[in-house]
């Protein structure tokens, strides 16, 4: 069962929270619901949503489908494939990020083009 829904344009994507970033999760949950404009960069969307979260288990290589907070910009971003910083096709952020969750179906963004409105909201049990 998903914990979070991310809507990119007209696509609703289910997200499961990560277990190893509780402070970042709490910061994101406190900001929900949230919406903003996003721009595509490789197979990543970065948006104008502001998130004030601590550095927590940061890394550059992320799993496909990661929802990660970019501390340098204070923005949550979905990753679904390679970007310019990627090595061997794995998603890799240009700067360290905190992975807070994972899209259940990252492939649904593979044909997505350009920018879009992004909305994040918690799902109630």
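The values are calculated or read from the model by the stated rules, or taken from the named source; none is laboratory data. Everything numeric here is computed off the predicted structure, so don't read it as measured data. Reconstructed Cβ throughout: ideal geometry from the backbone, glycine too, with neighbour counts over all protein chains shown.
Numbers for the structure displayed
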quantity	calculated
Residue list for the range 85-125, filter: surrounded by fewer than 13 Cβ atoms within 10 Å (Cβ to Cβ), in a loop (DSSP other than H, G, I, E, B) and at pLDDT below 85	88, 89, 110, 111, 113, 114, 124, 125
Selected residue (criterion: surrounded by the most Cβ atoms within 10 Å (Cβ to Cβ)) from residues of the range 68-84 that are closer than 17 Å to residue 35 by Cβ and in contact with a helix residue (DSSP H, G or I) (Cβ under 8 Å, 6 or more places away or on another chain)	76
The range 29-46, residues that are closer than 20 Å to residue 16 by Cα and out of contact with any helix residue (DSSP H, G or I) (no Cβ under 9 Å at 6 or more places or on another chain)	29, 30, 31, 32, 33, 35, 44, 46
For residue 51: the one exception among (1) surrounded by fewer than 21 Cβ atoms within 10 Å (Cβ to Cβ); (2) modelled with pLDDT under 90	(1)
For residue 35: the one exception among (1) under 17 Å from residue 5 (Cα atoms); (2) not in a strand (DSSP E or B)	(2)
Residues (in a loop (DSSP other than H, G, I, E, B) and at pLDDT 80 or above) located in the range 54-84	54, 55, 56, 57, 58, 62, 63, 64, 65, 80, 81
